[in-house]
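The structure appears right after this line, and notes come after that.
The values are calculated or read from the model by the stated rules, or taken from the named source; none is laboratory data. Keep in mind that what you see is a predicted model, and the values were worked out from it rather than measured. Cβ sites come from the backbone with ideal geometry, for glycine too, and all protein chains shown count toward neighbours. Side chains are part of the model used for accessible areas, which takes the heavy atoms of the whole protein and leaves out ligands, DNA and RNA. Shrake-Rupley method; radii C 1.70, N 1.55, O 1.52, S 1.80 Å.
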Amino acid sequence: MDLFQTPAIRTDEMTPSEWQAQLKQMLARAEATQRYRLGLMSPDDFGDALATYGIADPYRLADGWERGEICPGIL
């Protein structure tokens, strides 16, 4: 299955277990995105999945990306 890339950001302060948690969330977001694109997940369920896997406010995040801003506190 081809998956869209979704960000996982590693910082120097992260422990290996924190980084692994970031990677797991990234993969879960990619899988949810693919399921949504294939019509296997409703928009509401997709929004819930994003919130569960680290994107609490996808609309605010998308707006920030379009403006070229980094959105602290969203990821």
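Looking only at region 48-60, which residues are more than 19 Å from LEU23 (Cα to Cα) and either open to solvent by less than 30 Å² (accessible area, probe 1.4 Å) or touching a Leu at 6+ places or on another chain (Cβ under 7 Å) (or both)? Selection gives nothing. So which residues in region 12-29 are over 11 Å from TYR53 (Cβ atoms) and either touching a strand residue (DSSP E or B) at 6+ places or on another chain (Cβ under 7 Å) or polar (S, T, N, Q) (or both)? Matches in region 12-29: THR15, SER17, GLN20. Residues considered: MET26, MET41. Of these, the only one that is surrounded by 12 or more Cβ atoms within 10 Å (Cβ to Cβ), at pLDDT 90 or above and either on the phi > 0 side of the Ramachandran plot or among the hydrophobic types (A, V, I, L, M, F, W, C) (or both) is MET41.
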